[in-house]
């Protein structure tokens, strides 16, 4: 009877570890997606900030 209880507790611990691992993995995946989204937005903002003066210069000098 003691072995059955021990086996059950080992199985429970293993299951808990697997569930915790999956939750942490999911959490990090979501954080990764959020950071990717933020980086993408920053990238677009940087392009716009750099492109506006170039556009203004081209508009004045090239497209008169």
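Structure notes:
- Checking each residue of the stretch 6-28 against the condition of being exposed (fewer than 10 other Cβ atoms within 10 Å of the Cβ) and without any contact (Cβ under 8 Å) to a residue 40 or more places away in the chain gives no match.
- Any chance residue 59 is in a helix (DSSP H, G or I) and either exposed (fewer than 10 other Cβ atoms within 10 Å of the Cβ) or touching a helix residue (DSSP H, G or I) at 6+ places or on another chain (Cβ under 8 Å) (or both): no
Every read-out reported here was derived from the displayed coordinates using simple, explicitly stated rules and does not represent laboratory data. Not measured: the values here are computed from a predicted model. Backbone-built Cβ (ideal geometry, glycine too); neighbour counts: all protein chains shown.
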